[in-house]
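Okay, structure first, notes after.
What follows is calculated from the coordinates using simple rules that are stated; it is not laboratory data. Keep in mind that this is a model prediction, so the values were computed, not measured. Cβ: placed from backbone, ideal geometry, glycine included. Neighbour counts: every protein chain shown.
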Amino acid sequence: MTSQKTPGERLVLLSVDGLRPDIYRAPESRHRFPNILALEKAGASAEAVETIYPSTTYPAHATIVTGVAPRTHGVYSHLASLDPTEKARPWCWFAPVLKAPTLWDVARASGRRTAALSWPVSAGAAIDHNIPEIWNPAVPDPHKDFDTPARHATPGLFAEVAQVLMPIMGRADPDQLRGEAALYLWNHYRPDLLMVHFVWYDSQAHHFGPASPEALAALESADQAIGKIRDAITSDPGTTLVVLSDHGFVPVEKEVAPLVVLAEHGLFARGADGSFTLRRLGAVSAGGSLAIYWLEQPSPDDRRRLETALDRLRETGVVQQIVDRQQLEALGADPDAELMIEAAPGIGFSDRLEGPVVSETSKDRGTHGYLPTHPGMEAVFIAVGREIAPGKNLGRISLQQIAPTLVQVMGLPADILAPGKESLLLS
Ligand SMILES: [Zn+2]
């Protein structure tokens, strides 16, 4: 016998969006998250996970399933549009944008059954039972748009799951719905790989702050859903449970609109109705950072205008640093961006084009999107299973180490994922 894992090892992968390890470990609130803490004790866990740049949901989730940086997997930001003058911008919802093989590709290549709920960048993915994360960008509350994910789900699956959720619809939060849907998929299809994206903590942390009562209540709800899923899968000892996150979170005091300065320097045009239109410059805000693109070859005058605008922005004290193309390459970040503006601590960027540059009253009290080394951007990784050492501290790990580790845990071939960082030793 070789030392390979038992064939048929299952994996349940739960992502708690935006969760920072010190949020659930904080002495004053840890009693509220008994399930996450019990899993941490029962398995191997990272002190902290260093995420990718920008530290946002879509590029990070793509890294979790491919094991490579955004530059290699092709999801550089959450938005599929570089045009900040566009009203309802589409997100990178569709899996074909991924340029590197995913965990679900590896599982399927071995004939294993796969399932996913609200997983980012999974619309149209080759997943057996899939309800992707996708919404109509024109609706006011994406959490209430059920029609769009239903249309992009595995045929018939959304109606099937909705029937089970009917009794709690209207009083359950988005994560309770995901938790119950996950239990249904587990019980009825027993997938070899089940991936669930919990979103409510991130949503509340954006609105009220990462340690706000609202965000902690959301996390409590995710913790309970995780506990129920753990209880359901214990009857199958060949199942590994992984709880992780994509990035951390920090509080913000001020909202800053760098594009207002760029517009003042003539880098956007005005249409006949006075509204802004695109010239040569594109932009995507990630909250803690903002990416700038030349959509067409800039003139020397365009370049000068951008430089002057950036100087002006620096003078306001809201910029931590300008991340140039060379640094972006070293970070494995967006190859198309001319540069990224990294916000100073306490500052959250928006892609607002009008109004004051600095708004003292931010509608959001928390954000992410900063450099992976920005304090507070750390993510979570916990793995529990029969071959995983209880209480093992993995130290500080990279988000890129997770996919190859999960492939190993499931006993799948190691050579399908794109070459990347070394897998973790969990036993
Ligand atoms: Zn996220």
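Structure notes:
- Result for the chain in a Gaussian network model with C-alpha springs under 10 Å: among PRO210, PRO27, PRO251, the largest mean-square fluctuation is at PRO27.
- For segment 254-363, the square roots of the Cα gyration tensor eigenvalues, ordered a ≥ b ≥ c, give a/c of at least 1.5 with a/b no greater than b/c, which places it in the oblate category.
- The chain, dipole about Cα centre (Lys/Arg Cβ +1, Asp/Glu Cβ -1), debye to the nearest 20: 720 debye
- Candidate lysines - alpha carbon under 29 Å from LYS87, same-chain residues fewer than 8 apart omitted: LYS99, LYS144, LYS254, LYS363
- Charged-residue dipole, Cβ positions (Lys, Arg, Asp, Glu), segment 254-363 about Cα centre, Debye nearest 20: 180 debye
- Sites ALA26 and ASP273 - FRET efficiency at Förster radius 51 Å, r taken between beta-carbons, to 0.05: 0.55
- Its DSSP H runs of at least 4 residues, each contributing -39,500 (n - 2.57), put the calculated 222 nm mean residue ellipticity of the chain at -9000 deg cm²/dmol, to the nearest 500.
- For the chain, DSSP calls about 50 percent of its internal beta bridges antiparallel.
- Pairwise centroid distance, computed over Cα atoms, of segment 175-250 with segment 319-385, Å: 25 Å
- C-alpha center-to-center spacing [segment 80-115, segment 272-287] in angstrom: 25 Å
- Computed from the C-beta positions of GLN163 and ARG113, the FRET efficiency with R₀ = 25 Å rounds to 0.70.
- Highest GNM mean-square fluctuation among ASP351, ASP173, ASP415, for the chain modelled with Cα contacts below 10 Å: ASP415.
- Taking all Cα-Cα distances within segment 293-419, those exceeding 24 Å account for 50%.
- FRET efficiency, ARG396 to VAL139 (Cβ-Cβ, R0 41 Å, nearest 0.05): 0.55
- Selection from ALA272, LEU425, SER285, by position along the positive dipole direction of the chain (Cβ): LEU425
- Think of the chain as a dipole: +1 on every Lys or Arg Cβ, -1 on every Asp or Glu Cβ, centred on the Cα centre; then among PRO335, THR405, PHE381, THR405 lies furthest on the positive end.
- DSSP H segments from the chain that extend 24 Å or more along their own axis, Cα-based, with Kyte-Doolittle mean of 0.0 or above: 213-233
- Oblate is the label for segment 40-113, because the ratio a/c of its alpha-carbon gyration tensor axes (a ≥ b ≥ c) is 1.5 or higher and a/b is not greater than b/c.
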